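The values are calculated or read from the model by the stated rules, or taken from the named source; none is laboratory data. Since we're looking at a predicted model, the values are computed, not measured. Cβ coordinates were reconstructed from backbone atoms using ideal geometry, including for glycine residues, and neighbour counts include every protein chain displayed. The area values use the complete protein model at the heavy-atom level, side chains included, leaving out ligands, DNA and RNA. Shrake-Rupley method; radii C 1.70, N 1.55, O 1.52, S 1.80 Å.
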Amino acid sequence: IRIKKAWSAGLGDDSEFLRLALQPVSDGGRVFAAAHDGKVSAFDAVTGKRLWRTKTKLQLSGGPTTDGEVVVLGSSNGEVVALSAADGTQKWQRTTLGYVTSSPALGPDGTLYAGSFDGTMYALDSADGSVKWKLQTGDHIYASPALVEEDGQLQQIIIGSTDGLLYSVDPDGNV
């Protein structure tokens with residue numbers, strides 16, 4: 001089998017820190033990717049042509065995730081930031097009490113679930129960043145939550161914490 005590279009693109013500056021949670025994500029036609037230095041880019045998935053590039057003032061550490069309308073990322077500054085998927089302009093920014101090291105998850109109703117090093121799972125409205133609910137766990141949250149859906153409806157949010165527990169939460173934030 002012979003593999004041919006379709007395209008490649010630079011994202012940002014090099015870092016001495018490994019940011020494992022900054023993986024690319026696609027909405028089908030576009031690929032969104034970020035660098036630790038705050039740069040976020042959108043590319044045509046087939047050609048690799050850069051569609052837009054924006055520079056946040058954040059040290060990015062988690063994400064991106066997208067629903068095709070917004071691109072959401074977390075930062076080691078404790079921020080969750082949402083950008084327009086169309087042009088990269090910032091839509092909103094929300095402060096948590098700890099850094100966000102994993103990709104936030106987007107539910108089918110537009111709710112964004114972001115875990116933070118402060119041990120809190122934040123449920124945010126993806127349109128404006130307002131807090132719908134918060135759940136405090138017993139320790140840090142490093143990983144993305146798992147969303148359990150049935151027939152297109154969110155049933156549970158599963159959250160892992162470094163306290164050694166899994167938390168199963170309904171869409172209203174009840175354990």
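Accessible area of region 101-175 with a 1.4 Å probe: how many percent of it is carbon plus sulfur? Can you show the working numbers first?
Numbers: 1620 of 3430 Å².
Whole-percent figure for carbon plus sulfur exposure: 47.
Please compute the length gained on full extension between Thr162 and Gln136, using 0.36 nm multiplied by the number of residues separating them and subtracting their Cα-Cα distance.
8.1 nm
If we count every other residue with Cβ under 12 angstrom of Leu97's Cβ, Lys/Arg +1 and Asp/Glu -1, where does the sum land?
Its environment carries a net charge of 0.
Kindly report the accessible area of the chain per residue (heavy atoms of protein chains, probe 1.4 Å, no ligands, DNA or RNA), in Å².
That works out to 52 Å² per residue.
Taking region 42-175 as the region of interest, what is the percent of Cα-Cα pairs per 5 angstrom bin, listed from the shortest bin to the one with the maximum distance?
For region 42-175, the binned pair fractions read 2, 11, 21, 23, 19, 12, 7, 3, 1, 0 percent.
Only Lys, Arg, Asp and Glu count, each charged at its Cβ (+1, +1, -1, -1), so figure out the dipole size of region 87-136 about its Cα centre, rounded to 20 debye.
120
Give me the one-decimal nm value for the distance between modelled label points at Ser84 and Ala127, 7 Å along each residue's Cα-to-Cβ direction.
1.7
Measuring from label point to label point, each 7 Å out along Cα→Cβ, what is the Lys55 to Ile1 span in nm?
4.0
Would you work out the charge dipole size for the chain about its Cα centre, treating the Cβ of every Lys and Arg as +1 and the Cβ of every Asp and Glu as -1, and quote it to the nearest 20 debye?
Charge dipole, the chain, about its Cα centre: 980 debye, nearest 20.
Under a 1.4 angstrom probe, counting protein chains only, how are Asp172, Asp151 ranked by accessible area, largest first?
Asp151, Asp172
Quote to one decimal, in nm, the extra length available between Ser8 and Asp27 on full extension: 0.36 nm per residue of separation minus the C-alpha distance between them. Can you show the working numbers first?
Details: separation 19, 0.36 × 19 = 6.84 nm, distance 1.81 nm.
Gain on extension, Ser8 to Asp27, equals 5.0 nm.
Using modelled backbone amide H atoms (1.01 Å from N, in-plane), which distant-in-sequence or interchain residues come within less than 5 Å of Glu79's amide H?
For Glu79, the qualifying residues are Thr96, Val100.
What does the convex hull of the alpha-carbon atoms of region 65-126 project to on average, in nm²?
Projected over every direction and averaged, the Cα hull of region 65-126 covers 3.6 nm².
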